[in-house]
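To start, the structure itself, in structure tokens.
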Amino acid sequence: MVINFSQLEKITGGRNLLLSKDNFINALCIDSRKATDAQGTLFLAIRGERNDGHTYVHTLYALGVRQFVVERPIADLNLLEAANIIVVDSSVNALQKLAAFRRQHFSLPVIGITGSNGKTIIKEWLYQILSKDQVVVKNPGSYNSQVGVPLSVWQLQPYHQLGIFEAGISRPGEMEKLESVIQPTVGIFTNIGSSHSEGFTSQEEKIREKLKLFKDVEILVYRKDHNPLDKIISQSN
């Protein structure tokens with residue numbers, strides 16, 4: 001499928017600062033060091049704890065990148081006259097909305113995996129088994145974060161027959177966003193433990209938040225002998 005820059009206002013809810021020439025988007029980039037295929041690249045400027053993607057907009061423009069998602073106005077906008085720039089409330093949210101929009105255009109089965117531990121290894125096991133007979137797309141490595149998941153799902157192509165994506169969260173409110181991106185048809189809940197518990201008030205809250213990944217799945221696989229997990233799942237059915 002083809003997404004053009006002119007569609008981003010509707011998809012992300014942002015506002016165009018500059019639209020010089022509408023162009024297609026075939027690559028997403030959040031790391032200025034990894035920008036490729038400059039013509040079709042969309043750079044999303046994300047502010048992190050140690051770095052701010054906005055500081056690299058002019059550098060990337062000089063390298064040929066012409067499409068940008070930003071969270072604030074850019075200085076010396078007149079020097080970017082051939083660029084397309086859209087401003088949004090959150091570049092991470094825009095990234096998720098863009099990946100979710102792309103996901104909606106594919107009807108393939110998708111396995112979603114979450115849990116406290118074992119997500120990546122189970123994903124890789126399934127990939128090794130299922131990719132023998134099907135063309136499978138998955139998260140690279142452990143790209144299971146608020147940024148990693150949408151970058152993973154963006155890889156979807158018409159020739160893919162199955163998707164396998166893991167999702168990890170560290171606080172309430174995050175899984176709903178990842179569910180909208182992955183839109184799994186089959187769910188796997190690996191286990192529940194103490195990992196990444198700091199952002200949750202209780203184990204029950206942690207389980208309920210993670211289960212939001214599976215709100216629309218046709219099949220859910222989990223450890224029924226894990227009593228806290230089984231109790232909450234049984235109550236929701």
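The values are calculated or read from the model by the stated rules, or taken from the named source; none is laboratory data. These figures come from a predicted structure and were not determined experimentally. Because the Cβ atoms are built from the backbone with ideal geometry, glycine has one as well, and the counts that use them run over all protein chains shown. For the accessible areas, the whole protein counts, side chains as well, though only heavy atoms, and no ligand, DNA or RNA atoms are used. Shrake-Rupley method; radii C 1.70, N 1.55, O 1.52, S 1.80 Å.
Quick look at the numbers
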read-out	value
The stretch 118-139, residues that are in a helix (DSSP H, G or I), open to solvent by 60 Å² or more (accessible area, probe 1.4 Å) and touching a residue at least 24 places away in the same chain (Cβ under 8 Å)	TYR127
The stretch 1-25 - residue that is touching an Asp or Glu at 6+ places or on another chain (Cβ under 6 Å) and within 18 Å of ARG103 (Cα to Cα) and, of those, most open to solvent (accessible area, probe 1.4 Å)	ASN4
Conditions (1) loosely packed, with under 15 Cβ neighbours inside 10 Å; (2) more than 28 Å from ASP133 (Cβ to Cβ); (3) among the hydrophobic types (A, V, I, L, M, F, W, C); number of the one not met by ILE207	(1)
Test: residue in the stretch 154-164 that is surrounded by 21 or more Cβ atoms within 10 Å (Cβ to Cβ) and in a strand (DSSP E or B)	yes
Boolean, VAL70 is at pLDDT 95 or above, among the hydrophobic types (A, V, I, L, M, F, W, C), closer than 26 Å to LEU213 by Cβ and surrounded by 12 or more Cβ atoms within 10 Å (Cβ to Cβ)	no
Lone unmet requirement of (1) of a type in the set (Gly, Ala, Ser); (2) surrounded by 14 or more Cβ atoms within 10 Å (Cβ to Cβ); (3) assigned to a loop (DSSP other than H, G, I, E, B) for GLY112	(3)
Test: GLY173 is more than 15 Å from the chain's Cα centre (by Cα), small (Gly, Ala, Ser) and open to solvent by 20 Å² or more (accessible area, probe 1.4 Å)	no
Failed item in (1) surrounded by 14 or more Cβ atoms within 10 Å (Cβ to Cβ); (2) acidic (Asp, Glu); (3) modelled with pLDDT under 95, with ASP31 passing the rest	(1)
Matching residues in the stretch 140-153 - criterion: being within 12 Å of ALA99 (Cβ to Cβ), touching a residue at least 24 places away in the same chain (Cβ under 8 Å) and open to solvent by 20 Å² or more (accessible area, probe 1.4 Å)	GLN146, VAL147, LEU151
